[in-house]
Number of protein chains: 2
Amino acid sequence: MATVERARQSDLRERNLAAVLALVADRTAGAGGDPAPSRAGLAAATGMARGTVSALVDALLAGRLLEEVPPPPRTGAGRPAHGLRLSGRRVAALGVELGASHAVACVRDLTGAVRAREAVPTIDRTGPPAQVLAASAELAGRVLADARAQGLDVVGGAWALPGLVDTGAGTLRLAPNLGWRDVDVLALLGEHPALQGLPLAVDNEAALAALAELWHPGEPDDAAGGRRGASFVLVTGEVGIGSGVVLGGRPLRGERGWSGELGHVTVDPSGPRCGCGASGCLEAYAGQEALLARAGLAGGAADDLRRAAEGEDPAALAALDDAGAALGTALAAAVNLLDVDAVVLGGSCAPLAPWLAPPLQRELAARVLRARLLEVPVRVSATGADAAVMGAAALVLQGVLDAPAPLLGA
Amino acid sequence: MATVERARQSDLRERNLAAVLALVADRTAGAGGDPAPSRAGLAAATGMARGTVSALVDALLAGRLLEEVPPPPRTGAGRPAHGLRLSGRRVAALGVELGASHAVACVRDLTGAVRAREAVPTIDRTGPPAQVLAASAELAGRVLADARAQGLDVVGGAWALPGLVDTGAGTLRLAPNLGWRDVDVLALLGEHPALQGLPLAVDNEAALAALAELWHPGEPDDAAGGRRGASFVLVTGEVGIGSGVVLGGRPLRGERGWSGELGHVTVDPSGPRCGCGASGCLEAYAGQEALLARAGLAGGAADDLRRAAEGEDPAALAALDDAGAALGTALAAAVNLLDVDAVVLGGSCAPLAPWLAPPLQRELAARVLRARLLEVPVRVSATGADAAVMGAAALVLQGVLDAPAPLLGA
DNA sequence: ACTGATTTGTTCTGTCGTTGAACTTATGCC
DNA sequence: GGCATAAGTTCAACGACAGAACAAATCAGT
């Protein structure tokens, strides 16, 4: 009995603009595969009248969200079509990731291409949140300037943060790994001179990494038909373990944006104590710290573990096998509850996939009820370490694709 | 990058009809509380022009989805408004539940009132699925006849089934408790003469029970503002343990309709063996069979356990405490992953709530990451044993509320 | 009882957006 | 060079909402 929103006539246009844009975006992403779509092709695909599509395309061309590509490959007789694709010349979006020990900012254009990027390997977070956020805003200011110098129109920005982010209010409610609590991120960022006039958003880094996965151009098309209806849980192991859920091609946010807390799913109630106060959380098995400690590499880095595993170090292999099984138990719960198609290993789990995947796969096969009907594939994320920043920018771009009208002038 | 559907002009009308209908439904449900809404009130609430609302209401009155209630309570000066409410005189829906050992069918009118009902306490399911389904179709035929004799226009029917239901294809893929596998339910039912011409659907019983919870008139308004934006996980313990998830006032289906398999979430990987083949599933702790066995009442009924607990039988109390804790562990995973507002105990868990809730609450508080920010309330379902049938009918009715246009004549 | 204020509901014109068909343009094939 | 074919454009018509003017029904005060 959720209330249905009323619709005005302009919503009709908004939606059809979005429909056209989404279709073009799907084919632009497909790169070499599909030919650039034409107005007539779009009309056939959407079911709209050709005249309507022409009008919508004209508006999108005028707003420079689309551009014509001269001659698409010809097929038979008849007037040749004008190919269409997303234009990377105007609209762009800012993404910023604020991790436990680093910060990255980037600007992506509407095609998803990265047009400016800067990383700060170690960020000084001894100061109060306001100071750390201001430093990230300055970093953002530099990539913004870079992007604007290229003639890009940056229409919004998003910050990726670890912890429980209240996406509605724009606040970071709880971030154990940053040591922050109840920080009004949006308000603090909004004050910064470098960000004046730029609409901002905040979201959880794992949720954004999942969005990045969805946007990643190289993603192999699975049976479901490419990115369109993709559904998966992406595991992002950094300091803690988080996850982002995508269902039906859309991120699943939960009631407040606090979904996907895979790291604190219980693997064994009588298991080791977790930093959150509970016992037997996934993080206590497969979190970076726990994992390194069990491998006898306490205080080391993720890379050390990979090397140890490559050298077939028994402690490392055992720790990874345990961690993979723990991941499998927790992810089985996620698949049982959410009915997603696949599991994707991202973050620091990705390079460890050769060792994590077999026990993980085993547990999924045993513990997911539907596994006897339909296997749960385990994939390795195609996005790299920048997943969260890329996803942050993608969040803004997705907003443009969903509601392009405001960018099309009067 | 989910593809956006194009919209035609008639969709505008459809959506605004639904918006009006949803608003009236919300207030009709509120029973004594709110006064019956007027056209002017609806215009103010939706933001539409008064003329537009009048036209929409006229169409809905003509289609007998709404009716006018003579004089709503007066307030001040001015022309008195005509009150509006959902009409129970025309549209109705059939719901059928096919449990492991019983079958129920009912017809609810658009206000949610039950207008016809018949239960078969024990169903003979020794025969093949086709035969059992045919028996349920005959049961349905009888309540249909009853409803039609009352002048009701039954616009659709839904079957509630235990197990993995493919809602898209209309098939029951796997039902351990029925012993069925890959049954094309919709095709078999569609052949039956009693159901000719009636659009049918199938869904999982727990998902439908959750929908019933959402539709239940007596549901206490929680902080979120009543049923509108409700979000919860409903636990339905019958033979197995299932759950239905409602997020933002809408059921969460998952990619295929296989979400909510709470019963097979792992509570302790080294725990007792479950019927599904895995070990330590929630069902192996809190499923009816396991629970009774641990309480020393193997082979007994749910009621025996309640009586034993009321008599403070130590074995029963211990079993219930363990089951509550196991439920808490599994539900903590659900809340961590889904960020729902609340947990609701339904089915055979409801009468046991006095004993299950305390340990459950305790585990939730310890294991849900967000619990330190926002408590996870545990409620007891307001719907009775008929939850799934009621929800099945509600599924159809919700479809009418969401898309009323087809019922409004040419 | 009458009058004016007030609020509800209806009617009508204007505007927006899509539809469908006719028309123009550009190409390949014979 | 002419014809078939397909792409894109133009235009009248229709459906739906918006906004304002208007009619109807009540209350309050004299």
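The values are calculated or read from the model by the stated rules, or taken from the named source; none is laboratory data. The structure presented is a predicted model; accordingly, all values stated were derived computationally and were not measured. Here Cβ is always computed from backbone atoms with ideal geometry, including for glycine, and neighbour counts include all displayed protein chains.
Which residue, of A:LEU297, A:LEU252, A:LEU234, is closer than 29 Å to B:CYS281 by Cα and more than 9 Å from chain B (Cβ to nearest Cβ)?
A:LEU234
Give the residue that is nearest to B:VAL400 (Cα to Cα), with candidates limited to residues of segment B:57-66 that are crowded, with 16+ Cβ neighbours inside 10 Å and more than 10 Å from DNA strand C (Cβ to nearest atom).
Ranking the candidates gives B:LEU65 first.
Which one of these does A:VAL396 not meet: (1) outside the structural domain of A:GLU238 (by TED's automatic domain parsing); (2) touching a helix residue (DSSP H, G or I) at 6+ places or on another chain (Cβ under 9 Å); (3) not basic (Lys, Arg)?
Result: A:VAL396 passes all but (2).
What pairs come out if I take residues in segment A:325-341 that are more than 12 Å from A:LEU356 (Cα to Cα) and pair them with residues that are modelled with pLDDT of 95 or more and among the aromatic types (Phe, Trp, Tyr) whose C-beta lies under 7 Å away, six or more apart or interchain?
These pairs meet every condition: A:ASP339/B:TRP258; A:VAL340/A:PHE232; A:ASP341/A:PHE232.
Would you point out which residue out of B:ALA29, B:ALA49, B:ALA44 is within 13 Å of chain A (Cβ to nearest Cβ), out of contact with any helix residue (DSSP H, G or I) (no Cβ under 6 Å at 6 or more places or on another chain) and under 30 Å from B:GLY347 (Cα atoms)?
Unique residue meeting the criteria: B:ALA29.
Test each condition in (1) surrounded by fewer than 16 Cβ atoms within 10 Å (Cβ to Cβ); (2) within 14 Å of another protein chain (Cβ to nearest Cβ); (3) within 23 Å of B:ASN177 (Cα to Cα) for B:VAL265 and report the one that comes out false.
Going through (1) surrounded by fewer than 16 Cβ atoms within 10 Å (Cβ to Cβ); (2) within 14 Å of another protein chain (Cβ to nearest Cβ); (3) within 23 Å of B:ASN177 (Cα to Cα) one by one, B:VAL265 breaks only (1).
Could you list all residues from segment B:36-54 that are surrounded by 15 or more Cβ atoms within 10 Å (Cβ to Cβ), among the hydrophobic types (A, V, I, L, M, F, W, C) and out of contact with any Pro (no Cβ under 7 Å at 6 or more places or on another chain)?
Passing the criteria: B:ALA40, B:LEU42, B:ALA43, B:ALA45, B:MET48, B:VAL53.
Any residue at all in segment A:75-93 that is within 20 Å of A:LEU172 (Cβ to Cβ) and either touching a strand residue (DSSP E or B) at 6+ places or on another chain (Cβ under 7 Å) or surrounded by 15 or more Cβ atoms within 10 Å (Cβ to Cβ) (or both)?
No, segment A:75-93 has no match at all.
Given the conditions (1) in a helix (DSSP H, G or I); (2) within 14 Å of chain A (Cβ to nearest Cβ), which single one is not true for B:VAL376?
The single condition B:VAL376 does not satisfy is (1).
Scan segment B:332-348 for residues that are more than 10 Å from chain A (Cβ to nearest Cβ) and farther than 14 Å from A:GLU255 by Cβ and report the count.
5
Of the residues B:LEU327, B:LEU364, B:LEU305, B:LEU337, only one is farther than 28 Å from B:ALA230 by Cβ and among the hydrophobic types (A, V, I, L, M, F, W, C); which?
B:LEU305
State the number of residues belonging to segment B:149-207 that are closer than 18 Å to B:ALA105 by Cβ, within 14 Å of chain A (Cβ to nearest Cβ), at pLDDT below 95 and out of contact with any helix residue (DSSP H, G or I) (no Cβ under 6 Å at 6 or more places or on another chain).
Within segment B:149-207, residues that are closer than 18 Å to B:ALA105 by Cβ, within 14 Å of chain A (Cβ to nearest Cβ), at pLDDT below 95 and out of contact with any helix residue (DSSP H, G or I) (no Cβ under 6 Å at 6 or more places or on another chain) number 0.
With respect to A:GLY151, is the statement that it is surrounded by fewer than 17 Cβ atoms within 10 Å (Cβ to Cβ), at positive phi and free of Cβ contacts under 8 Å to residues at least 60 places away in the same chain true?
Spelling it out, it is not the case that A:GLY151 is surrounded by fewer than 17 Cβ atoms within 10 Å (Cβ to Cβ), at positive phi and free of Cβ contacts under 8 Å to residues at least 60 places away in the same chain.
Any chance segment A:107-130 includes a residue that's surrounded by fewer than 19 Cβ atoms within 10 Å (Cβ to Cβ), in a helix (DSSP H, G or I) and in the same structural domain as A:ASP182 (by TED's automatic domain parsing)?
Yes - at least one qualifying residue is present in segment A:107-130.
Right, A:LEU189: assigned to a loop (DSSP other than H, G, I, E, B) and not basic (Lys, Arg) or not?
No; evaluated as a whole, the condition is false for this residue.
Here's a check for you: in segment B:208-223, which residue that is surrounded by 15 or more Cβ atoms within 10 Å (Cβ to Cβ) and of a type in the set (D, E, K, R) is modelled with the lowest pLDDT?
Ranking the qualifying residues of segment B:208-223, first place goes to B:ASP222.
Scanning for something modelled with pLDDT of 95 or more and assigned to a loop (DSSP other than H, G, I, E, B), does segment B:351-365 turn up at least one residue?
No, segment B:351-365 has no match at all.
Out of all the residues in segment B:86-101, is one or more free of Cβ contacts under 8 Å to residues at least 24 places away in the same chain and polar (S, T, N, Q)?
No, every residue in segment B:86-101 fails to be free of Cβ contacts under 8 Å to residues at least 24 places away in the same chain and polar (S, T, N, Q).
Could you tell me which of the residues B:THR75, B:THR126 is within 16 Å of DNA strand D (Cβ to nearest atom), farther than 27 Å from B:LEU408 by Cα, more than 14 Å from chain A (Cβ to nearest Cβ) and at pLDDT below 95?
Matching residue, one of B:THR75, B:THR126: B:THR75.
Identify, please: which residue in segment B:377-399 is surrounded by fewer than 23 Cβ atoms within 10 Å (Cβ to Cβ) and hydrophobic (A, V, I, L, M, F, W, C) and is, among those, farthest from B:GLY99 (Cα to Cα)?
Only one residue tops the list, namely B:VAL378.
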